[in-house]
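Since every read-out is calculated from the coordinates, none of them should be taken as a lab result. Remember, it's a predicted structure, so these values are computed and weren't measured experimentally. FYI the Cβ positions are ideal-geometry reconstructions off the backbone, even for glycines, and counts take in every protein chain you see.
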Amino acid sequence: DAGVIQSPRHEVTEMGQEVTLRCKPISGHDYLFWYRQTMMRGLELLIYFNNNVPIDDSGMPEDRFSAKMPNASFSTLKIQPSEPRDSAVYFCASSLLGARTEAFFGQGTRLTVV
Amino acid sequence: AQTVTQSQPEMSVQEAETVTLSCTYDTSENNYYLFWYKQPPSRQMILVIRQEAYKQQNATENRFSVNFQKAAKSFSLKISDSQLGDTAMYFCAFIPFNTDKLIFGTGTRLQVFP
């Protein structure tokens, strides 16, 4: 398996634009997690899914953020409208039996909002 | 609130030497899991080692071992025979038994010198 695949690796966008980050989890993994990493706040869990169903979105900062998992092999994290403070590295991770077991991370998307 | 504290922002060690990274956590839970994740310059987070709180035996993975002190809520990582490829950010993480929400520490940047 190629591991967790995220796209794009880098994204630069202007304030107010819509941004969509994409993730393909490892095949067979039932859990998918979205994290955000910043210097100020470190690594934060935004939302996670189990069997394509959102379980906990309490980490989603605002209504501007939304995440979907239409099927077992694809998830998106959308920010609309984007703001400079959204600049961060966004990671997607998947695991077989939840975060209590090993989580496999993608290489992240570095988002810069100017 | 459950927190994870890594008090060493940066550490350095010479190749082939041993280094210990510190981690403490705060929780009222009795059952939980602890992890060390590594983030090399490539950005992708990789699991180093995992410990189940109900197991008294310290986990080991080749050159990596932990010193788990449950009463003291301490979970340090020892890297033996350090290699240049160990250069990375190391994150300690905690998860209660009945959730899938990983709580990360702020990380320790380890530099291995030749």
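Counting Lys and Arg as +1 and Asp and Glu as -1, each charge on the Cβ, what is the dipole of the stretch A:29-84 about the Cα centre in debye, to the nearest 20? Spell out each step's value before the answer.
Working: 5 positive and 7 negative charges, 33 e Å.
Computed charge dipole of the stretch A:29-84: roughly 160 debye.
Cross-link candidates for B:LYS73: which lysines have Cα within less than 19 Å, leaving aside residues fewer than 8 places away along the same chain?
Hits, sequence-local ones excluded: B:LYS55, B:LYS101.
List, in order, the whole-Hz ³J(HN,Hα) value for each residue of the stretch B:20-26 obtained from phi through the Karplus relation with A = 6.51, B = -1.76, C = 1.60 and θ = phi - 60°; use x for Gly and Pro.
10, 9, 9, 7, 10, 9, 10
Only Lys, Arg, Asp and Glu count, each charged at its Cβ (+1, +1, -1, -1), so figure out the dipole size of chain A about its Cα centre, rounded to 20 debye. Intermediate values should be presented prior to the final figure.
Working: 11 positive and 13 negative charges, 41 e Å.
Computed charge dipole of chain A: roughly 200 debye.
Does chain A come out rounded, prolate or oblate by the C-alpha gyration tensor, with a ≥ b ≥ c the root eigenvalues, rounded set by a/c under 1.5 and, if not, prolate when a/b is larger than b/c and oblate if not? Walk me through the intermediate numbers first.
Working: a/c = 1.72, a/b = 1.64, b/c = 1.05.
It is prolate, given that a/c is not under 1.5 and a/b is the larger ratio.
Enter the Cα centre distance for the pair the stretch B:29-72 and the stretch B:79-114, rounded to the nearest angstrom.
Between the Cα centres of the stretch B:29-72 and the stretch B:79-114 lies a distance of 8 Å.
Please list, in order along the stretch B:35-45, the HN-Hα scalar couplings obtained from phi with the Karplus expression 6.51 cos²θ - 1.76 cosθ + 1.60 (θ = phi - 60°), rounded to whole Hz, x for Gly and Pro.
9, 10, 10, 10, 10, x, x, 5, 5, 6, 6
Amide H neighbours of B:GLN111 under 5 Å, at least 5 residues apart or on other chains, H built in the peptide plane: list them.
Those lying under 5 Å, H to H, from B:GLN111 are B:MET11, B:SER12, B:VAL13.
Give me the one-decimal nm value for the distance between modelled label points at B:GLN111 and B:ASN62, 7 Å along each residue's Cα-to-Cβ direction.
2.5
Farthest toward the dipole's positive end in chain B, which of B:ASN58, B:TYR33, B:GLN111, given Cβ charges of +1 (Lys, Arg) and -1 (Asp, Glu) about the Cα centre?
B:TYR33
Straight-line reach from A:LYS24: which lysines have a Cα under 18 Å away, not including same-chain ones fewer than 8 places off?
Here the lysines satisfying the reach criterion relative to A:LYS24 are A:LYS68, A:LYS78.
With an 8 Å cut-off on Cα pairs and a minimum separation of 6 or more residues, tell me the relative contact order of chain A in percent. Before the final figure, lay out each step's value.
Numbers: 293 pairs, mean separation 42.3, N = 114.
Taking the mean separation of contacting Cα pairs over the length of chain A, I get 37 percent.
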